[in-house]
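Here's the structure, in C-alpha cells; my notes come after.
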Amino acid sequence: MAILHENYALKPYNTFGIEAKANYFFQFDTVSEIQSFLDDNTLDNVDYLILGGGSNILFTDDYEGLILHPNIKGMEIIEENEDTVLVKAGANENWDEFVEWAVTKGYGGIENLSNIPGVVGATPVQNIGAYGVEACQTIEKLDAISIESKRQVEFQNFHCDFEYRNSVFKNEYKNLFIITHVYFRLNKNPEFNLEYGAIQNELKNYSDVNLKNIREVIIKIRESKLPDPEVIGNAGSFFKNPIVETRFAEKLLKKFPDCPNYELDNTNTKLAAGWLIEQCDWKGKHVGQAGVHKDQALVLVNLGNAKGFEVLKLANDIRKSVILKFGVKLEMEVNAI
C-alpha cells in the first residue's frame, strides 16, 4: 500500500541506528504505485533520496526532502535449464534471506555473500562483494523506473558499469532510477570459491563441501569479525580497500613489509584498509558515542546515541591520519547524507 508520511523517523531505516527524520517519506509496494506517484508529483525542484534497507548510509542530519522507499517483495524462477536458473527478486527482499533461499534450493553463486545486511535492490548499486565474489558475477539484468520518464527501464549487466564496490547507479545515474527487481543467474552445479580468508581452514571441520556448509562457514567468519547491527549500530565496512599503483605499493612495502596486499593486475594492487587504520592506532578507540570497532578497524560504530555528523568527523580524522602515515587516500564505502 502506497503511503506518504510527513516528519518521518528514519532510525528503523539505517543500520547505524542514527536518529534522524525526513520531511516526507513515500513507501510503495508495486511498480504502478510509484509510477502513479511520479505522474502526480514532479521532483524537478525537490531534494529526494532512494532508500532501501539503509545498510550503507549515514544520516548526518535530518533529511529536508522526500525519501522514496521501495517495498517491493517476491522471488520467482522465470527461466531454467539443465545448468542454471534465472531468479527474479523484488527490491525489498532481505538480501541474506535471499541467499539462504538460494542455498536451500541448491543454487550456487551467491553463498559467499551470506550475512551481508541490506536488501536485494541495493546489491547492484553497491556491487556488494565478499570472499572473492561480487554481486555483478550473478546479476544478469535489472528493472528500474526512470524518475524523469516514469517508465520502466531494463538494464542488462553490461549497462551497469560494475566495478569494485561501484556501479553506474552510484555515479551518473545516482538517484535517477528506482530499482524494482533484480535478476540473478544462479548455478545448479556451482564451482565453489574457497580461496579467500579462512574459508578452507574452517571447512576442515565439515565432512563435506557444499553450499550449506560454505554458507555456515561464511556466517561464522563474518560474525567473528563484524558486529551485528541489531546489537551495535554500524554499516559494515566503512571504507573501501584502496587500490593503488603497483609501483607505489612496492615502495610502501619496503617501508611497511607487513602491509597486506593483493596484486590485481600488472599495474594495480589492493591494500587492506583495516590494517592501515589499525596501524594508525584507531582500533577500539571512540570519540564520544562514535567509535572504531574493537575487533575490526574497518567498521565504525554507534556506541549508543551518536550523531551522524560525529561518525563522519571520526571517519575524516581517520582518513587524515592514514594519508599522513602512508600517503594513501581512503574512500568511504558508506554514503553520508
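The values are calculated or read from the model by the stated rules, or taken from the named source; none is laboratory data. The structure presented is a predicted model; accordingly, all values stated were derived computationally and were not measured. When we count neighbours, we look across all protein chains shown, and the Cβ atoms used for this are built from the backbone with ideal geometry, even at glycine.
Just a few scattered comments:
- Meets criteria (touching a Leu at 6+ places or on another chain (Cβ under 9 Å), farther than 25 Å from Phe16 by Cβ and modelled with pLDDT of 95 or more) for Gly327: yes
- Unique match (being without any contact (Cβ under 8 Å) to a residue 24 or more places away in the chain, loosely packed, with under 15 Cβ neighbours inside 10 Å and not assigned by TED's automatic domain parsing to the domain that holds Cys259) among Asn189, Asn205, Asn213: Asn205
- The criterion of at least 1 residues that are out of contact with any Phe, Trp or Tyr (no Cβ under 8 Å at 6 or more places or on another chain) and of a type in the set (Ser, Thr, Tyr) is met, among strands (runs of 3 or more DSSP E) falling completely within the range 139-218, by 177-187.
- Within the range 28-50, the set of residues being of a type in the set (S, T, N, Q) and either part of a helix (DSSP H, G or I) or at pLDDT below 90 (or both) comprises Ser32, Gln35, Ser36, Asn41, Thr42, Asn45.
- Hey, Asn23 in a strand (DSSP E or B) and either at pLDDT 95 or above or outside the structural domain of Leu211 (by TED's automatic domain parsing) (or both) or not: yes
- Residues (part of a loop (DSSP other than H, G, I, E, B), in contact (Cβ under 8 Å) with a residue 40 or more places away in the chain and either in the same structural domain as Leu303 (by TED's automatic domain parsing) or not charged (D, E, K, R) (or both)) located in the range 1-20: Leu10, Asn14, Thr15, Phe16, Gly17, Ile18, Ala20
- Filter result for Asp281 (at positive phi and part of a loop (DSSP other than H, G, I, E, B)): yes
- Counting residues in the range 57-71 that are among the hydrophobic types (A, V, I, L, M, F, W, C), modelled with pLDDT under 95 and assigned to a helix (DSSP H, G or I) gives zero.
- When Glu82 is tested against (1) in the same structural domain as Glu191 (by TED's automatic domain parsing); (2) at pLDDT below 95; (3) closer than 26 Å to Glu333 by Cβ, exactly one condition is not met: (3).
- When Ile77 is tested against (1) crowded, with 18+ Cβ neighbours inside 10 Å; (2) assigned to a strand (DSSP E or B), only condition (1) is not met.
- Residue in the range 113-127 that is assigned to a strand (DSSP E or B) and touching a Lys or Arg at 6+ places or on another chain (Cβ under 9 Å) present: no
- Hits in the range 33-55 (condition: aromatic (Phe, Trp, Tyr) and over 23 Å from Ala9 (Cα atoms)): none
- The range 216-231, subset buried (at least 17 other Cβ atoms within 10 Å of the Cβ) and of a type in the set (A, V, I, L, M, F, W, C), residue farthest from the chain's Cα centre (by Cα): Val217
Conditions tested, residue by residue: (1) in a helix (DSSP H, G or I); (2) farther than 12 Å from Phe239 by Cα; (3) touching a His at 6+ places or on another chain (Cβ under 6 Å).
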{"position": "Ile277", "(1), (2), (3)": "yes, no, no"}
{"position": "Gly291", "(1), (2), (3)": "no, yes, no"}
{"position": "Gly304", "(1), (2), (3)": "no, yes, no"}
{"position": "Val311", "(1), (2), (3)": "yes, yes, no"}
{"position": "Leu314", "(1), (2), (3)": "yes, yes, no"}
{"position": "Arg319", "(1), (2), (3)": "yes, no, no"}
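- Criterion violated by Lys307 - all others in (1) closer than 28 Å to Tyr63 by Cβ; (2) surrounded by fewer than 15 Cβ atoms within 10 Å (Cβ to Cβ); (3) among the basic types (Lys, Arg) satisfied: (2)
- Here Tyr262 meets the list (1) at negative phi; (2) outside any strand (DSSP E or B) almost entirely, failing just condition (2).
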